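The values are calculated or read from the model by the stated rules, or taken from the named source; none is laboratory data. In this text the structure is predicted, and so the values were computed from the model without any measurement. Because the Cβ atoms are built from the backbone with ideal geometry, glycine has one as well, and the counts that use them run over all protein chains shown.
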Amino acid sequence: MKRRGLLLLALLPAALHAQATGSVYGAVRDTAGHGVRSASVSITGSRLRTNTGNTGVYRLEAVPAGPITLQVQALGFQPESVVVTITANDSTRVDFTLRAVQNLAPIVVTAGKRQQSLQDVVPSVALVTDSAIARRAVNTIDEAVDRAPGVQFLNGQVNIRGSTGYVQGLGSRVLLLVDGVPANQGDRGGINWDLLPVDNVERVEVVKGAGSALYGSAALGGVVNLITRGIPDDAHLRVRLIGGGFAGPPHDVWKFRTSTGLEGGAGVTASWGRDPFRGALSLGTQHSDGYRQNDERDHWQLAAKGQYRLDPVTRLDVSGAWASDQYLVPLSWCVRGHCDDRGQAYQPFMVDTSGLGDHTRSNKAYATAVVSREPSPAVSWLARVSWLRTDFTDYQSPRNDFSIANRFGGEVRGVVHPDHGRVVTVGGEVAYSDVLRSDIFGVHTQAEYAAYGEGEHGLGAARLTTGARIDFLAVDGGGLTAVVSPRLGGVLPVGRGVWRASMGRGFRAPSLAEQFVSTFVSGIRVIPNPSLRPEEAWTAELGHARGFAGERVRIDAALFWTEARRLIEPVFIDTLAEIQFQNLSRARLVGLDLSVTAAPLTSRLSTTLAYTFLYARELATDTSPARALAFRPRHLLTLSADYALGATALGADFRYTSRFERVELYETDPRVSAKVLDLRASWTGGSLAAHLLVSNALNYIYNLVPRTLAPVRAVSVAVTWTH
Amino acid sequence: MRSRVVALAALLVACDGGLEPAPAPTSCPKSFTGICGTVTIRGAIPESTDVVYVVAYQTFPQSRGDLFTYTPLVPPTISLVDSTYFYTLAVPNGRYEWVLAVWKKQGMLTIANADSLLREAGYYKRTDADTSLYGAGIVLVNSIGTDSIDFVIDFDNMHPVSFYFPAAAAVRR
């Protein structure tokens, strides 16, 4: 008993010492004195860490008293560390000034399902940063992504190097991720670009080419990952107001209303962060009169995000969003005799009188939870679950169509660095899609089970990547269909440049809509085809990136080659007078993707040029000759320039899309190349920022989708106040 | 600086063009390959009218199973507002045995109900005196618009599918 008492006495000072803690706080700034956001502040040998907020400030609580080594790391800056002595029950202030690292490539997370320097990734990746989104003053995510090199939107349908064409929303050959979580619709396989407010997106990563080796179905042509903003320390409030109007038709004979079409909206985001909990909530609404007849739209939005740090190396992230849209549907423009045509062959701003009042109500929501843990610098893992729900009703003559669908997903993933030169990523993924109720798709389910692995290892100066994924697909609980998607690639730094080469396979499982749709289109019956098989493609790419003039000028060029087969298309069966989706065509897409960035070109001027040459052919079959693939432009050119003058900036984008060689449905309709000039100006003063955007400034009248007028000139002003 | 101004000017010049107003044609447009003509509308338009199409067959259908081998896949429609209408029918080069107007009744079309929903409402004949069902009004298309393929739509004298293919004729699949 006496010995035990002595032991307790001996341990008492240690216990008292363990409870003695203080706090450390301060600011992290760059050499110009600006706060560095999202810098990681940690204590060497401890699991204590935090990130700086928007203004660069940080605070760490419960720091053991005594000498510690405080370390700061931030993207684009050289790391700094300092030894300080923490006094018990007191606060110690430590400020850092970080020096920028020259020639630093951005960090991306999508190409390999892990953090990588952009110059180390095997496929081509285009980045759209939050500063680029803010500079362009866009109001929707698809507008933000639309000008990325090699990317083009056709009436809301995304194309990466001509991947998808235009299939009226049924099936996308591009996979959408929200913070790495798949978000394509469960029934149609398409993408709801209005799921998230654009203001919540920090950056967009666009991975080009087949990505099924890591992401499975739908990543046939590429992957778009929307990465949402982090939640900074302390309380913040951001208010965004937008307002604007649309130009009228440039010719009197096309006028369709006497007043000016207007649009406006408001969004508020509030956040609070202090470890271990952080949270953010966004609300927004928007109304648009539209730029043509029967084009009004109302949008409501709610998004939330939370983080809980379970321990210094384990974090729980939950997020969700809900969006509701009600919009009139200007399905196609009016042709002679079907509206007040005023003697014209077509009226691009008007719709068929019988279609007036057609509208859609569309609700969508998603929720995700991710647990991530990094027990050591060599090992990390995550587990996630997700749920996406879509619910739409098309109110149209002569009958309404509706569908309610879910997509549930889950994934576990581990990343291991066995030694300095090797990285191994392994994981398993499940997805379960169902159509809960629908008058056109029936009630069906589709399950996907997958396992994947990818390894990267050094070979001299080169880094080689090999990996594969196997997907098992089951429809309505039936037999499993297996699809194997390998990928092989490598990067080789040579001087100031980096060569990259890769080859991989992509596939897309037919959507439940394509398999089971049963409806009428223009009075013709559309019948289901449950025996549809996945479409697939092989993509090969050779790319080179190089910096010039002290890295102020960067060139990235890639040659790509895609061979696709069993592409799913609607087919009119004349002996049955019915339409059905079938695995029909083989296609070849070959081209060059080039981007040149001069930032800055002069002290105040930054410019970029992005050009994609695309040769897209539908290959000959037993019953049809070779021909151009529909809805693919041969040339896609984007020029951008930004001029900064203190708190004011001016900029312009010019997008040229060559005339489609072939379209479907109305092949003989007039069509032109698209030449769209966007002008912008911005002013920033303290917590207030104002952006002016004049999109399609020359009011160039064109269409990319048959009988669907592309947006005309619109002037919008966005004012953002941040507290 | 001058080069930048020139580049900007070139950019602006490049931005002219785009879609322009296009008056309804009264003759075959230039750079058009297909068939054009004027249809004259007679008779009382049925209240149950959904739409009237113009279509062409390279070979006159031999059975009900051939009914949907027409071209083009998405045929143009006829406006019934005035008593005449100039149509343009974009079709590939070739020989067309039957150019006709098809009246469609309101309702969802299937091959099973084609007889009740579709009517032949008039077709091209070389002369009004021609009483043959087809063959006399053959149209040739050769890389330009073949004009003056005029005919009459007579809503008082329409013919169902069974007029050409009696119900006893088997549906070929």
- Does the stretch B:99-116 contain any residue that is facing chain A (nearest Cβ under 10 Å), part of a loop (DSSP other than H, G, I, E, B), modelled with pLDDT under 90 and over 25 Å from A:Val571 (Cβ atoms)? yes
- Message: Can you confirm whether A:Val370 is β-branched (Val, Ile, Thr), surrounded by 18 or more Cβ atoms within 10 Å (Cβ to Cβ) and either within 23 Å of A:Gln185 (Cα to Cα) or within 14 Å of chain B (Cβ to nearest Cβ) (or both)?
- Response: yes
- Note on the structure: Scanning the stretch A:373-413 for residues that are surrounded by 15 or more Cβ atoms within 10 Å (Cβ to Cβ) and of a type in the set (A, V, I, L, M) gives A:Leu382, A:Ala383, A:Val385, A:Leu388, A:Ile404, A:Ala405
- Note on the structure: Over the stretch A:61-90, the set of residues assigned to a strand (DSSP E or B), more than 33 Å from the chain's Cα centre (by Cα) and of a type in the set (A, V, I, L, M) is A:Ala62, A:Val63, A:Ile68, A:Leu70, A:Val82, A:Val83, A:Val84, A:Ile86
- What pairs come up if the first residue lies in the stretch A:641-652 and is over 12 Å from A:Ser606 (Cβ atoms), the second is in a strand (DSSP E or B) and of a type in the set (Asp, Glu), and their beta carbons are under 9 Å apart, counting only those six or more places apart or on different chains? none
- Message: Any residue at all in the stretch A:276-286 that's in a loop (DSSP other than H, G, I, E, B) and surrounded by fewer than 19 Cβ atoms within 10 Å (Cβ to Cβ)?
- Response: yes
- Task: Quick one: A:Pro633 ticks every box in (1) over 24 Å from the mean Cα position of the chain (by Cα); (2) surrounded by 16 or more Cβ atoms within 10 Å (Cβ to Cβ); (3) outside any strand (DSSP E or B) except a single one, so which number is it?
- Result: (1)
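Each row is one residue, and each column tells you yes or no for (1) of a type in the set (Gly, Ala, Ser); (2) surrounded by fewer than 18 Cβ atoms within 10 Å (Cβ to Cβ).
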site	(1), (2)
A:Ala647	yes, yes
A:Thr657	no, no
A:Pro670	no, yes
A:Ser695	yes, no
A:Val705	no, no
A:Thr708	no, yes
A:Thr722	no, yes
- How about the stretch A:690-707: which of its residues are within 12 Å of another protein chain (Cβ to nearest Cβ) and not charged (D, E, K, R)? A:Asn696, A:Ala697, A:Leu698, A:Asn699, A:Tyr700, A:Ile701, A:Tyr702, A:Asn703, A:Leu704, A:Pro706
- Task: Report yes if some residue within the stretch A:230-244 is more than 30 Å from A:Arg37 (Cβ to Cβ), crowded, with 22+ Cβ neighbours inside 10 Å and either away from every other protein chain (no Cβ under 14 Å) or of a type in the set (Asp, Glu) (or both); otherwise report no.
- Result: no
- Note on the structure: Looking across the stretch A:649-689 at residues that are assigned to a loop (DSSP other than H, G, I, E, B) and of a type in the set (S, T, N, Q), the single one that is nearest to the other protein chains (Cβ to nearest Cβ) is A:Thr668
- Item | Per-region count, the stretch A:202-223, residues in contact with a helix residue (DSSP H, G or I) (Cβ under 6 Å, 6 or more places away or on another chain) and in a strand (DSSP E or B) | 4
- Note on the structure: Contact list, first residue from the stretch B:31-45 and more than 14 Å from B:Thr84 (Cβ to Cβ), second anywhere and among the small types (Gly, Ala, Ser), beta-carbon distance below 6 Å, six or more apart or interchain, is B:Phe32/B:Gly145; B:Thr33/B:Ser143; B:Gly34/B:Ala90; B:Gly34/B:Gly145
- Note on the structure: In the set B:Tyr70, B:Tyr124, the lone residue that is among the aromatic types (Phe, Trp, Tyr), without any contact (Cβ under 8 Å) to a residue 40 or more places away in the chain and either more than 17 Å from B:Ala44 (Cα to Cα) or surrounded by fewer than 16 Cβ atoms within 10 Å (Cβ to Cβ) (or both) is B:Tyr70
- Mind listing just one residue for me: the one in the stretch B:65-98 that is part of a strand (DSSP E or B) and of a type in the set (Gly, Ala, Ser) and, of those, farthest from the other protein chains (Cβ to nearest Cβ)? B:Gly94
- Message: Of the conditions (1) within 21 Å of A:Ala132 (Cα to Cα); (2) of a type in the set (A, V, I, L, M, F, W, C); (3) part of a loop (DSSP other than H, G, I, E, B), A:Leu226 satisfies every one except a single condition; which number is it?
- Response: (3)
- Task: Within the stretch A:498-515, identify whether any single residue is farther than 20 Å from A:Asp593 by Cβ and without any contact (Cβ under 8 Å) to a residue 40 or more places away in the chain, and answer yes or no.
- Result: no
- Message: Need pairs with beta-carbon distance below 8 Å; first residue surrounded by fewer than 14 Cβ atoms within 10 Å (Cβ to Cβ) and within the stretch B:159-171, second modelled with pLDDT of 80 or more; sequence gap 6+ or separate chains.
- Response: B:Phe163/B:Glu120; B:Ala167/B:Asp115; B:Ala170/B:Ser63
- Message: Whether any residue in the stretch A:350-362 is in contact with a strand residue (DSSP E or B) (Cβ under 6 Å, 6 or more places away or on another chain), crowded, with 20+ Cβ neighbours inside 10 Å and under 25 Å from A:Gly211 (Cβ atoms) is what I want to check.
- Response: no
- Task: Might you let me know whether the stretch A:377-387 holds any residue that is modelled with pLDDT of 90 or more, under 30 Å from the mean Cα position of the chain (by Cα) and within 21 Å of A:Arg437 (Cβ to Cβ)?
- Result: yes
- Message: Among the residues in the stretch A:354-376, are any touching a helix residue (DSSP H, G or I) at 6+ places or on another chain (Cβ under 6 Å), in contact (Cβ under 8 Å) with a residue 12 or more places away in the chain and outside any strand (DSSP E or B)?
- Response: no
- Out of A:Phe520, A:Phe560, which single residue is farther than 24 Å from A:Leu594 by Cβ, among the aromatic types (Phe, Trp, Tyr) and outside any loop (DSSP other than H, G, I, E, B)? A:Phe520
- Tell me which of these A:Arg93 doesn't satisfy, since it passes every other one: (1) closer than 29 Å to A:Ala378 by Cβ; (2) more than 16 Å from the chain's Cα centre (by Cα); (3) surrounded by fewer than 18 Cβ atoms within 10 Å (Cβ to Cβ). (1)
